[in-house]
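Nothing in this text is a laboratory measurement; each read-out follows from the coordinates by a stated rule. This one's a predicted model, so the numbers in the text were calculated from it and none came from an experiment. No Cβ is skipped: glycine too gets one built from the backbone with ideal geometry, and neighbour counts run over all protein chains shown.
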Amino acid sequence: MDNDIDTARPAPAPTPSLLPLSRRQHWRKTRLMTGWLLLLWLLTGFGVAFFARELTGLSVFGWPLSFYLAAQGASLVYLAILGFYAWRMRRLDLAANAAANSAANPAAKPAAPREPRP
């Protein structure tokens, strides 16, 4: 029957973000991304509080706009930061692991790093 045929998907072509990274490149990209995300967190957390007086003049359904931004908007931005960090770090770690595996076994043919299927 057709069940004997291997239907595994071929490895995707490596993209620039999935090319093997050295340890130095990995940590440089990690620090840069962490710095930008912390800056976004800082602006979100303190920016709303700093401009709260100016935002109280605007209202949404009878509540000040600063209330909505502090209660809902900041939480959504924090969740987006966490989701992006997890997604991007997984890709960076896969690229770094591919470089470490190719360095540990130089005789093996270098394979394109792949994200595991769910």
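Quick one: 3J(HN,Hα) in Hz for the range 55-68, Karplus 6.51/-1.76/1.60 with θ = phi - 60°, rounded, Gly and Pro as x.
7, 6, x, 8, 10, 10, 6, x, 10, x, 4, 4, 4, 5
For Ser59, which sequence-distant residues (separation of 5 or more, or a different chain) have an amide H within less than 5 Å of its own amide H, given hydrogens modelled in the peptide plane?
Amide H neighbours of Ser59, under 5 Å, 5+ apart: Leu65.
Using the Cα centre as the reference, give the magnitude of the dipole from point charges on the C-beta atoms of the range 22-99 (Lys, Arg: +1; Asp, Glu: -1; all else neutral), rounded to the nearest 20 debye.
In total the dipole reaches around 600 debye.
How large is ³J(HN,Hα) for each residue in the range 37-42, as worked out from phi by the Karplus curve 6.51 cos²θ - 1.76 cosθ + 1.60 (θ = phi - 60°), to whole Hz, x for Gly and Pro?
Karplus-based 3J(HN,Hα) across the range 37-42 equals 5, 5, 5, 4, 4, 4 Hz.
What list of ³J(HN,Hα) couplings, whole Hz, do you get for the range 80-91 from phi and the Karplus terms 6.51, -1.76, 1.60, once you set θ to phi - 60° and write x for glycine and proline?
5, 4, 4, x, 5, 4, 5, 5, 5, 5, 4, 5
Of Ser75, Ser22, Met89, which is farthest towards the positive pole of the range 22-99's charge dipole, taken about the Cα centre with +1 and -1 on the beta-carbons of Lys, Arg and Asp, Glu respectively?
Ser22
How much length is gained if the chain between Leu40 and Trp87 is pulled fully straight, taking 0.36 nm per residue apart and subtracting their Cα-Cα distance, in nm to one decimal?
Stretched fully, the Leu40-Trp87 segment lengthens by 15.2 nm.
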